[in-house]
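These notes concern the structure reproduced below.
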Amino acid sequence: MPKNPDKEFMRLAILEAKKNLKVATGGPFGACIVRQGRIIALARNTVLKHDATCHAEINAIRIASRRTGSFDLSGAVIYSTTEPCPMCFSAIAWARIGCIVYGTKISDAAKIGFNEMRIGNSRLKKMGKIKVKLIPGFLRDECRRLFREWEKSPGRRLY
C-alpha cells in the first residue's frame with residue numbers, strides 16, 4: 001500500500017481525466033472508486049460520445065457495479081477531480097458510496113465555461129439528508145491544472 005493512498009487514488013483520477021486532453025471524448029474530469037484499499041473502477045468523462053449522462057462519476061459507478069455485481073457500493077470512496085454535479089451526487093448516494101473526495105468545485109468548472117448547475121455537494125447532502133462524508137479541495141491545485149491544460153487543448157469542446 002502506498003504511503004498516502006488517497007493521493008495515489010486521486011492522481012489516478014487525474015491521469016484518467018488527462019486522456020481527454022489528447023482525444024476529446026469529454027471534459028477534463030476523472031473519477032476513481034476504491035473499496036477496502038482496492039480500485040474497483042477508474043473512468044473519465046465521455047459526454048462527447050453522445051450521452052449527456054456519461055460523466056466520470058457515472059461511468060465509474062457503472063464499471064464498479066458491473067465488477068462487483070451489485071448496485072450497492074457501500075464502504076467505497078469515490079475520488080473525483082471536480083465536485084460531483086447534482087446528477088452524479090444523486091447516483092453516488094443511490095450507490096451508497098460512503099465518501100466523496102474531490103479537488104475543484106463545481107463553480108471552478110462553470111468559470112471556464114461548462115454548463116453547470118451550481119448546487120454544491122454540501123447543500124445537496126443537507127437537502128437530501130444524505131450521510132455521505134465530503135472531503136473537498138483535495139489536491140485542488142493539481143486538479144485545477146487539468147482545467148488550464150484543457151483550455152490549451154486543440155480539440156476541446158464545451159457542453
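The values are calculated or read from the model by the stated rules, or taken from the named source; none is laboratory data. These figures come from a predicted structure and were not determined experimentally. With ideal geometry, Cβ positions are generated from the backbone for all residues, glycine too; neighbour counts draw on all protein chains shown. The accessibility values were calculated without ligands, DNA or RNA, using every heavy atom of the protein model including side chains. Shrake-Rupley method; radii C 1.70, N 1.55, O 1.52, S 1.80 Å.
The single condition among (1) in contact with an Asp or Glu (Cβ under 6 Å, 6 or more places away or on another chain); (2) assigned to a loop (DSSP other than H, G, I, E, B); (3) of a type in the set (Gly, Ala, Ser) that Ala31 does not satisfy is (2).
Beta carbons closer than 7 Å, at least 6 apart along the sequence or on distinct chains, pair a first residue in the stretch 38-49 that is in contact (Cβ under 8 Å) with a residue 40 or more places away in the chain with a second that is among the aliphatic types (A, V, I, L, M) for Leu48/Ala24. Inside the stretch 1-60, can you point out the residues that are over 18 Å from Phe114 (Cβ atoms), at pLDDT below 95 and among the hydrophobic types (A, V, I, L, M, F, W, C)? Scanning the stretch 1-60 gives Met1, Val23. For the stretch 10-18, indicate whether the set of residues that are touching a residue at least 40 places away in the same chain (Cβ under 8 Å), over 18 Å from Arg156 (Cα atoms), part of a helix (DSSP H, G or I) and open to solvent by 10 Å² or more (accessible area, probe 1.4 Å) is non-empty. The answer is yes; a qualifying residue exists. If you go through the stretch 92-117 and keep only what is farther than 23 Å from Lys152 by Cα, among the small types (Gly, Ala, Ser) and surrounded by 21 or more Cβ atoms within 10 Å (Cβ to Cβ), you end up with just Ala95.
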